[in-house]
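These notes are about the structure you will find just below.
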Amino acid sequence: MQRATYGRSPPLHHPVPQHVSTVPQLRSPPPPTSQPIAGYDGSPYPQQQPQQPLPGANVFGQYGNFINDPAAQIASQFGQTAFRQGQEYIEQNVNRFVNVSALKHYFVVTNSYVISKLFLVLFPWRHKPWTRRQATGPSGQEAWYLPPRDDINSPDMYIPVMSLVTYIFLQALISGLKGQFQPELFGYIATTALVAVVVEILGLKLGCYLLSISNESQLLDLVAYSGYKFVGVIVTISVAEIVNAGKGTGGWIGWTVFIYTFLANSLFLMRSLKYVLLPENNTDNRGPMQTMHPLDSRAKRNQRTQFLFFYSYIVQLFFMWILCRS
């Protein structure tokens, strides 16, 4: 059976465009023949010169007018009024318990006063005189005690507060070096120190009440004097820990330093508290801050002397021993 023969297929032809379009070649324009313009970088496009801000113009844009916004001014005035009212409210409520103006008197200190006072607390053996200095008003009838910065014998609260804080951190640091530090240790040390101060102040106030000792600034003075013991405690703990290589305040060196600081603090309190617990006879009434009132009898003076000795030596020995051992 014979195949049928077919003719060859015609060749394929690709379409040829009938209209030929040419793409023009883009070229940069030649530079101008005139003198070059300052700042021209050869670009054919026009340059925009940066606008300089006018003097006094707002450089922060729309946010620069925030201070001048009436709403912002009202909010600022409202905040200032609220802060002032809150401050007055706090002062009125705090003044019920503590005289803030009198409390500020105990923090008027200088660097030279702090150094001299620390030296006096640790080395009171040859210091004279111990009487506090007073300033007299224009009329000569009013008198008040000078602030601590003007009188080395004036009690302050800066050293007691800083000594208390230093004592807390020192005890925590020693515990950390021994590997016994815990976060609860701060609360325990602070509670022990504050309880010692509070109990001491309550005992002093009770003794002053029983002995009929009154003074307007007595409470703040007693609080200040009760905090000076921390200076001796800090010195005892620091020297003992360094000498004993972190084994505590025991040993003959530790006890020697403790006895010295205890005796120095006791003598300092005996001399300083004399104007509070043992006022001298003085018939010149020079104002409400004057603490020199006549004594009732010689027997009461002896009682006050015994009370001052008991507080300065027995009470201080007990509390300083507890603070050094805690």
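The values are calculated or read from the model by the stated rules, or taken from the named source; none is laboratory data. Keep in mind that what you see is a predicted model, and the values were worked out from it rather than measured. Cβ placement follows ideal geometry from the backbone for every residue including glycine, while neighbour counts extend to all protein chains displayed. Note: accessible area is taken over every heavy atom of the protein model, side chains too, but ligands, DNA and RNA are not part of it. Shrake-Rupley method; radii C 1.70, N 1.55, O 1.52, S 1.80 Å.
Just list whichever of LYS104/LYS205; LYS117/LYS300; LYS104/LYS178 have alpha carbons separated by over 28 Å in the model shown.
LYS117/LYS300; LYS104/LYS178
Full extension from GLN182 to THR136: what is 0.36 nm times the residue separation minus their Cα-Cα distance, to one decimal in nm?
Between GLN182 and THR136, full extension yields 11.2 nm more.
Just grab the label-to-label distance for ALA75 and TRP125, each label 7 Å out from Cα along the Cβ direction, in nm (one decimal).
With each label point 7 Å from Cα toward Cβ, the separation is 6.7 nm.
Filter the chymotrypsin sites (Phe, Trp or Tyr not before Pro) in the range 98-181 down to the DSSP loop ones having no more than 10 other Cβ atoms within 10 Å, then list what survives.
TRP125
Using a simple spin-label model with points 7 Å from Cα along the Cα→Cβ vector, what separation in nm is obtained for ASP150 and THR191?
4.4
With each label point set 7 Å from Cα along the Cα-Cβ vector, what nm distance links TYR209 and VAL165?
About 3.3 nm separates the two model spin labels.
Could you sort ARG132, ARG271 by their accessible area in this structure, using a 1.4 Å probe and putting the largest first?
These residues rank, largest area first, as ARG271, ARG132.
Could you compute how much accessible surface ILE115 exposes when probed at 1.4 Å, giving the result in Å² to the nearest 10?
Accessible area of ILE115: about 120 Å².
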